[in-house]
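Asker: Before I ask anything, here is the structure I am working with.
The values are calculated or read from the model by the stated rules, or taken from the named source; none is laboratory data. Since this is a predicted model, take the numbers as computed values, not measurements. Cβ coordinates were reconstructed from backbone atoms using ideal geometry, including for glycine residues, and neighbour counts include every protein chain displayed.
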Amino acid sequence: MARQDDVLRELDRLRVEIEALRASRKRLVATADADRRSFERDLHDGVHQLFVALAVNLQLLRRALASDPAAAGRLVEDMVRDVQRGLDETVLLAQRIYPPMIEASGLAALLRSAAVDAGVPASVEVAAGAEHTSEVAMTVYLSWLATLASAGPGTRVAITVLEREDALAFELIGPATGSVADLDRLRDRVEALGGRLTIGSEGDGRTRASGSLPLS
């Protein structure tokens, strides 16, 4: 009888784990869809509109070249600015898909660059020689972006990355903001690579997220 009870408890535990796995997969799919919609919206509202403006200015430039050279010169200046803005926005969109600095400059440089771009006072500590795959680095990077996005002006955030045995450990300290759904997505990203994430309070209105990602 006791053995039967143990089997039933194990089956119940497995059912709970399977349901949790299904829910996690659904959230990952929903997150991917939301990311694609956000990318499409930014592409349409940003780079696409700049190309529309360039097309209009090219038509105006063609008419102005013969009749109003001064106006043509101003249009060329506007077009140069639009092209530069388009290039800048294209780079930012590309970095959201896969930041080239992960391989070119390393994780530490990428994390510091993200903090500078966000305009948030931040402490970034990455252990020298800490090894990681691109998937692990991307997960740490996306977790850091979520922390930076939740930080208001003047709010200090911090990240520490170090290697422990066969895992890359990271710790994020930031504002106690963000919905349960945001925390679930962050945890899903980590657990999808076989890692673990725990979230607790610092007691000063900030949140500490501690993660570990296997390197093998």
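Asker: Picking from 50, 58, which residue would you name as being more than 24 Å from the chain's Cα centre (by Cα), surrounded by 15 or more Cβ atoms within 10 Å (Cβ to Cβ), outside the structural domain of residue 133 (by TED's automatic domain parsing) and in a helix (DSSP H, G or I)? Explain how you work it out, then say what you get.
Answerer: Details: 58 fails: surrounded by 15 or more Cβ atoms within 10 Å (Cβ to Cβ).
Checking each option against the conditions leaves just 50.
Asker: Counting only residues that are of a type in the set (Gly, Ala, Ser) and assigned to a helix (DSSP H, G or I), which one in region 135-175 is surrounded by the fewest Cβ atoms within 10 Å (Cβ to Cβ)?
Answerer: If we filter region 135-175 for residues that are of a type in the set (Gly, Ala, Ser), which is where we start, we get 137, 143, 146, 149-152, 154, 158, 167, 169, 174.
When the remaining residues are screened for being assigned to a helix (DSSP H, G or I), the result is 137, 143, 146, 149-150.
Working: 137: 22, 143: 22, 146: 18, 149: 14, 150: 17.
Of everything passing the filter in region 135-175, 149 is surrounded by the fewest Cβ atoms within 10 Å (Cβ to Cβ).
Asker: Among the candidates 41, 36, which residue alone is closer than 29 Å to residue 191 by Cα and modelled with pLDDT of 75 or more? First the steps, then the outcome.
Answerer: Working: 36 fails: modelled with pLDDT of 75 or more.
None of the other options fit; the residue is 41.
Asker: Going by the conditions given, is residue 91 at pLDDT below 80, under 27 Å from residue 40 (Cα atoms) and under 17 Å from the mean Cα position of the chain (by Cα)? I'd like the intermediate steps shown before the answer.
Answerer: On the way: at pLDDT below 80: yes; under 27 Å from residue 40 (Cα atoms): yes; under 17 Å from the mean Cα position of the chain (by Cα): yes.
Here the answer is yes, as residue 91 does meet what is asked.
Asker: Pairs only if they're at least six apart or on different chains, beta carbon under 6 angstrom, first in region 134-149 and assigned by TED's automatic domain parsing to the domain that holds residue 162, second in a helix (DSSP H, G or I) and basic (Lys, Arg); list them, first residue then second.
Answerer: Short answer, once both residue conditions are applied: 139/189.
Asker: Pull up region 187-204, narrow it to residues that are part of a strand (DSSP E or B) and modelled with pLDDT of 85 or more, then point me to the one that is surrounded by the fewest Cβ atoms within 10 Å (Cβ to Cβ).
Answerer: Pass one, region 187-204, residues part of a strand (DSSP E or B): 196-201.
Adding the requirement that they be modelled with pLDDT of 85 or more leaves 196-198.
Details: 196: 14, 197: 20, 198: 11.
Step by step, filter region 187-204, then rank; the result is 198.
Asker: A follow-up question, please. Give the residue that is modelled with the lowest pLDDT, with candidates limited to residues of region 108-134 that are part of a helix (DSSP H, G or I) and small (Gly, Ala, Ser). Write out each step before concluding.
Answerer: Initially, region 108-134 is screened for residues part of a helix (DSSP H, G or I), giving 108-118, 134.
Of the ones still in play, those that are also small (Gly, Ala, Ser) are 108-109, 113-115, 118, 134.
Details: 108: 87, 109: 87, 113: 87, 114: 87, 115: 88, 118: 83, 134: 79.
Looking at residues that are part of a helix (DSSP H, G or I) and small (Gly, Ala, Ser), I get 134.
Asker: May I ask you to verify whether residue 55 is without any contact (Cβ under 8 Å) to a residue 12 or more places away in the chain and more than 26 Å from residue 39 (Cβ to Cβ)? Give the derivation first.
Answerer: Numbers: without any contact (Cβ under 8 Å) to a residue 12 or more places away in the chain: yes; more than 26 Å from residue 39 (Cβ to Cβ): no.
For residue 55, the condition - without any contact (Cβ under 8 Å) to a residue 12 or more places away in the chain and more than 26 Å from residue 39 (Cβ to Cβ) - is not met.
For every residue, the table says whether it meets (1) of a type in the set (Lys, Arg); (2) at pLDDT 85 or above; (3) closer than 13 Å to residue 142 by Cβ.
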site: 158; (1), (2), (3): no, yes, no
site: 165; (1), (2), (3): no, no, no
site: 173; (1), (2), (3): no, yes, no
site: 185; (1), (2), (3): yes, no, yes
site: 206; (1), (2), (3): yes, no, no
